[in-house]
Amino acid sequence: GRGAPVSVYGYQRLVELVGAKAVTLSDPPNNGEQGFYQFDCRNSSLLPPLRYEFAGSERAWEIVPENYVEVLANGTNKCTFNVRTLGDGAMVMGNFGETFAIDKYVMFDFEKLQVGIADFAW
């Protein structure tokens with residue numbers, strides 16, 4: 001899957017942080033049903049990492065802005081969010097695909113039905 005999972009409220013907060021404006025994209029970064037917004041790419045420094053905690057672990061995993069912000073291909077120094085809002089209000093529901101895993105190792109143990117995650121060191 002593409003697009004970092006965020007709540008509707010979380011998405012609204014990201015839009016507010018960078019002063020983003022609604023936009024219709026001919027080639028959006030994912031097929032989420034939420035609206036898309038564009039903003040000046042220089043404002044990306046105002047964005048926080050997205051943090052996730054999974055049941056059974058005390059570790060918080062992050063998606064840094066560089067991995068959930070996409071530069072638009074129109075040559076205007078405009079960016080958009082590569083996020084998907086599935087859920088309602090503060091509830092988050094979604095899959096953790098390439099936007100989450102881009103800087104992590106994900107290991108599947110099919111015999112024990114377990115998944116492991118580790119940081120990827122470049």
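Relative to the present Cα-Cα distance, how much length would full extension add between Tyr105 and Ser45 at 0.36 nm per residue of separation?
Full extension from Tyr105 to Ser45 adds 19.0 nm.
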### Task
Would you work out what percent of the accessible area of the chain, with all protein chains in place, is carbon or sulfur (probe 1.4 Å)?
52 percent
### Query
Per-residue ellipticity at 222 nm for the chain, helices alone: DSSP H runs ≥ 4 residues times -39500 (n - 2.57), over residue total, nearest 500 deg cm²/dmol?
-3500 deg cm²/dmol
### Message
Order 107-118, 15-26, 60-71 from most to least packed using the mean count of other Cβ atoms within 10 Å.
### Response
60-71, 15-26, 107-118
### Query
Between Ala121 and Asn31, what FRET efficiency comes out of the Förster formula 1/(1 + (r/R0)^6) with R0 = 22 Å and r the beta carbon distance, rounded to 0.05?
0.10
#### Entry: Cα lying deepest toward the dipole's positive end in the chain, options Phe108, Val18, Val6, charges on Cβ
Val18
### Query
For the chain, taking Cα atoms only, what is the radius of gyration to one decimal and the Dmax to the nearest whole Å?
15.2, 50
### Message
Among Leu86, Pro29, Asn74, whose Cα projects farthest towards the positive end of the dipole of the chain, with charges put on the beta-carbon of Lys, Arg (+1) and Asp, Glu (-1)?
### Response
Asn74
### Message
Give me the 1.4 Å probe accessible area per residue for the chain, excluding ligands and nucleic acids, in Å².
### Response
64 Å²
### Query
aspartates and glutamates within cross-link reach of Lys104: Cα-Cα under 12 Å, excluding same-chain residues under 8 positions apart?
Glu62, Asp119
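The values are calculated or read from the model by the stated rules, or taken from the named source; none is laboratory data. Note that the coordinates shown come from a computational prediction; the quantities given were computed from them, not determined experimentally. Please note: Cβ atoms are built from the backbone with ideal geometry, for glycine as well, and neighbour counts cover all protein chains shown. Heads up: the accessible areas ignore ligands, DNA and RNA and are worked out on the full protein's heavy atoms, side chains in. Shrake-Rupley method; radii C 1.70, N 1.55, O 1.52, S 1.80 Å.
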